[in-house]
Structures are given as C-alpha cells and as structure tokens.
1. When the helices in the chain are scored as -39500 (n - 2.57) per DSSP H run of 4 or longer and the sum is shared across all residues, what 222 nm value do you end up with, to the nearest 500 deg cm²/dmol?
2. From a point 7 Å beyond the Cα of Asp45 in the direction of its Cβ, which residues of the range 82-116 have a backbone N at a distance under 17 Å?
3. Sequence-distant or interchain residues sharing an amide H contact under 5 Å with Ile19, placed H: which?
4. Starting from the eigenvalues of the Cα gyration tensor, five times each then square-rooted, give me the equivalent ellipsoid semi-axes of the range 68-116, largest first, whole Å.
5. Please find, in a Gaussian network model of the chain (springs between Cα atoms separated by less than 10 Å), the residue of Thr22, Thr85, Thr57 whose mean-square fluctuation is greatest.
6. If r is the Cβ-Cβ distance from Asn7 to Val102 and R0 is 30 Å, what FRET efficiency results, to the nearest 0.05?
7. Of all alpha-carbon pairs in the chain, indicate the percentage at a distance above 23 angstrom.
8. If you average the C-alpha positions of the range 1-19 and of the range 60-105 separately, how far apart do those two centres end up, in angstrom?
Amino acid sequence: MLARNPNLPVVVFAVWEPILPTDWSKPGSSVLSRLSDTRARQIWDSSHFVAIAMKKTDGTAKAHPECCERGGFLWDLGAVYPPGTEWGDVPPEPVFIDGPVVNVVEKLEAAIRRAK
C-alpha cells in the first residue's frame, strides 16, 4: 500500500510483539527491512503495552476487529486513526481496525483516504 501511494501523508507504526513460539526476541534487520518506507516506525513491544492499550477501547469503540486475538492479546491488526490523533492513558478510538493485516490492505487504504 505504501509503495502504491508514495505521496500519501501517513505514519505507519508497526508494533512487533511476542505472540508465536518463534517470537522469542525482537525482529532482526531482515524482518524490519520488509517495511522500509520512511513513513514507517517499528517498535518491539515485548510487554504487549500497545496491544493492552488498544484492547481498552474494544468494548466502547464503534469499530471492532473481527479476528486477531491470541493469548488475550490483540495482534496482526491494522488500525487507522484520524490525522492529529494523540494517545493518552486510554488510546483514542480507531476509525478502522481489523486484520489479519495481509487480508485488509484495501480496507486500510480506503479508511486512510476517508480519515483525511
């Protein structure tokens, strides 16, 4: 999606977390290079802080993922927040959230375009 839209004004946060048995340490350079666009920021969240925070809005949010929970943690999701959104103690409500990411790229792209 980023390659198809080089001028799309977005920031992508890729949050890597240990979910699968093979996720025993932070991703190496070969994994991180899959998302080499300069608009992407990648973090290793070994304590699942982001997933825990995102789940806090799940009960009250209008948008809900139809998948992507393992061991009580949200994962492999794409979420869209409007421009200028700031996170506080409880994260803001996404305008779109669903996954697995590979299956919702077109929906993510449409949500980003609507969120301008």
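1. On the way: 3 runs with 22 residues, N = 116.
Theoretical 222 nm ellipticity from helices: -5000 deg cm²/dmol.
2. It comes to 82, 85-102, nothing else.
3. Residues meeting the criterion, in which the H sits 1.01 Å from N, do not exist here.
4. 19, 17, 5
5. Fluctuation is largest for Thr22.
6. Details: r = 24 Å, r/R0 = 0.79.
Rounded to the nearest 0.05, the efficiency is 0.80.
7. Values: 1876 of 6670 pairs.
The answer is 28 percent, as a whole percent.
8. 14 Å
All of the numbers you see were taken from the coordinates with simple rules; none came from a lab. Everything numeric in this text was worked out from a predicted model, so none of it was measured. Counting neighbours? That spans all protein chains shown, and the Cβs are built from the backbone with ideal geometry, glycine included.
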